[in-house]
Structure formats: C-alpha cells, structure tokens
Amino acid sequence: MIDFSQSLASVDGMNAEQSEPGATADPPEHPARNPDDPTVRVAHAIERRDATDAEAKALASSVRIRILRLCLDEELSNREIAEALDLNPATALHHVRMLVDTGFLEAQEPRRGRRGAREIPYRATGRSWFIDAGDITDPMIEAFAAEFAAAPYPERSMSRMAAMLTPAEVVEFQQRLEDLLEDFRSRRSQDGARQWALFVAMHPSAAPDEGAS
C-alpha cells in the first residue's frame with residue numbers, strides 16, 4: 001500500500017497518492033508508460049473527501065486497521081477475527097462494531113460456525129479508499145509492524161535505501177511505484193492467489209541538503 005501524502009496509503013488496499021482532500025492530480029508523464037493506456041493511473045481518478053470525525057476515529061487504531069486487512073479478501077466472523085489477532089471476543093466485537101457503524105466493514109449473510117453456532121461474517125468494503133482520514137501514520141506503522149512480526153521469517157523481506165533525487169525524479173519515482181502497485185492490485189481475484197502485504201513509505205532524509213551552509 002502506498003500513499004505518499006500520508007507516508008502510507010489506504011488501510012484496506014493499495015491506492016494512489018493523495019494531494020489536497022477531495023482533489024485529483026494530473027499524472028506526470030514519463031517515457032516508460034503511454035498516458036493514453038487505460039490501465040495507467042486508474043486509482044488517480046478516485047476523488048477523496050474528508051473523513052468524518054467518526055470515520056477518522058475508526059481508522060486511528062492499529063487493531064482496526066488489521067481487521068480491515070484481514071477482511072479484505074475473506075469473510076471472517078468476530079470469533080475468527082479475535083482468534084487471528086489474539087483478542088478477547090468482546091474486545092474484537094467492539095472494534096468490529098465501530099467499523100460496521102462507519103461503513104468500513106459490512107455484515108454478510110449469517111452462517112453456521114463452530115459447533116453449529118450461528119455467526120455473522122464481515123468483509124471490508126474498501127470505503128477507506130475514498131476518504132482522507134488525515135494523519136494516521138502511527139497506527140498504520142504499528143499495524144504493519146505487528147503483521148510483519150507475525151509472518152514466517154523465511155517469507156519476510158525488507159529493504160531500505162537512500163537516493164539523491166531531483167524534484168522531477170521524486171515525482172517519477174512515486175508515479176512508477178503507483179503504477180506497479182495498481183497493476184498487481186487488480187490481480188487479487190486470480191485462482192491460487194495468496195494475500196501478501198506491502199508497506200511503502202517515502203520521506204525526505206533528515207540529513208542536511210548537499211551544499212547547505
């Protein structure tokens with residue numbers, strides 16, 4: 001997931017960058033892609049509105065962000081969510097209800113669960129893709145850290161880099177990353193696919209600018 005204006009992106013899916021709330025930006029051109037290609041910058045067509053206070057509060061929790069990630073491609077009951085996150089079922093239900101009340105989770109048809117008990121599964125709606133929730137960097141980082149730590153070590157990968165970039169190159173770098181992520185995001189429904197989480201952040205280094213006095 002990627003959102004360079006927040007350092008991160010949508011909590012329940014990959015997205016393009018945000019600029020001013022509700023605004024869209026014209027995609028910069030670079031020679032690697034044809035701007036007339038309909039697959040280019042699909043996500044940039046989405047206009048975002050400011051989150052309500054309730055929506056912003058709902059997303060300001062690493063636990064609720066993890067719940068949305070879990071329910072992105074799979075319908076899960078409160079019991080299954082609690083087990084996956086090692087939560088007390090009552091605690092999980094508190095988070096689930098907040099996400100349902102704000103439209104980030106949607107209840108599905110009831111089903112029979114363990115020992116024939118009736119349970120309601122939930123699925124993420126993707127609503128966060130269309131809103132600007134403000135600065136929710138800390139809970140998103142906390143959610144990523146928890147998910148990364150829980151993944152099997154052999155399947156984890158991480159890299160860190162620093163690059164000297166001009167303002168134009170920064171825009172190009174962001175653009176190409178977004179195009180790549182949007183390309184692969186659209187493939188999630190293929191048979192045999194497995195959900196992989198991605199966290200991308202980009203920020204200026206704290207080091208002094210070259211040549212500064």
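When residue 177 is tested against (1) part of a helix (DSSP H, G or I); (2) free of Cβ contacts under 8 Å to residues at least 12 places away in the same chain, only condition (2) is not met. If you go through the range 98-125 and pick out every residue that is surrounded by 15 or more Cβ atoms within 10 Å (Cβ to Cβ) and at pLDDT below 90, you end up with 1. Contact map, the range 124-138: first residue farther than 25 Å from residue 76 by Cα and in contact (Cβ under 8 Å) with a residue 24 or more places away in the chain, second residue part of a strand (DSSP E or B) and of a type in the set (D, E, K, R), Cβ cut-off under 9 Å, separation 6 or more or different chains; pairs are 132/49; 132/50; 134/50. Can you tell me how many residues in the range 111-120 are in contact with a Pro (Cβ under 8 Å, 6 or more places away or on another chain) and either of a type outside the set (Lys, Arg) or part of a loop (DSSP other than H, G, I, E, B) (or both)? The qualifying residues number 2. Residues in the range 126-138 that are surrounded by fewer than 19 Cβ atoms within 10 Å (Cβ to Cβ) and either at pLDDT 80 or above or touching a strand residue (DSSP E or B) at 6+ places or on another chain (Cβ under 9 Å) (or both): 126, 130, 134, 135, 138. Of all residues in the range 129-167, those being over 15 Å from the mean Cα position of the chain (by Cα) and within 30 Å of residue 49 (Cβ to Cβ) number 1.
Quick check on the range 33-65: of everything there that is assigned to a loop (DSSP other than H, G, I, E, B) and touching a strand residue (DSSP E or B) at 6+ places or on another chain (Cβ under 8 Å), which residue is modelled with the highest pLDDT?
In the first step, residues of the range 33-65 are kept if they are assigned to a loop (DSSP other than H, G, I, E, B); the result is 33-42, 46-48, 51-52, 60-61.
Subset that is touching a strand residue (DSSP E or B) at 6+ places or on another chain (Cβ under 8 Å): 48, 51.
Numbers: 48: 75, 51: 88.
Applying the filter and picking the extreme gives 51.
Just one residue in the set 72, 87, 99, 68 is in contact with a strand residue (DSSP E or B) (Cβ under 6 Å, 6 or more places away or on another chain), of a type outside the set (Lys, Arg) and not in a helix (DSSP H, G or I); that residue is 72. If you go through the range 132-161 and keep only what is out of contact with any Lys or Arg (no Cβ under 7 Å at 6 or more places or on another chain) and outside any helix (DSSP H, G or I), you end up with 133, 134, 135, 136, 151, 152, 156, 157, 158, 159, 160, 161. Screening residue 93 against (1) part of a helix (DSSP H, G or I); (2) modelled with pLDDT under 95; (3) among the hydrophobic types (A, V, I, L, M, F, W, C) leaves a single unmet condition, (2). Every condition in (1) assigned to a helix (DSSP H, G or I); (2) within 24 Å of residue 71 (Cβ to Cβ) holds for residue 171 except the one numbered (2).
Residues of the range 128-148 being farther than 22 Å from residue 85 by Cβ and of a type in the set (A, V, I, L, M, F, W, C), which ones? So that I can check it myself, show each step before the final result.
First, pick out the residues of the range 128-148 that are farther than 22 Å from residue 85 by Cβ: 129-132, 134-135.
Matches in the range 128-148: 129, 130, 131.
The values are calculated or read from the model by the stated rules, or taken from the named source; none is laboratory data. It should be emphasised that the depicted structure is a prediction, and the values quoted were computed from it without experimental measurement. Virtual Cβ from ideal backbone geometry, glycine too; neighbours counted across all protein chains shown.
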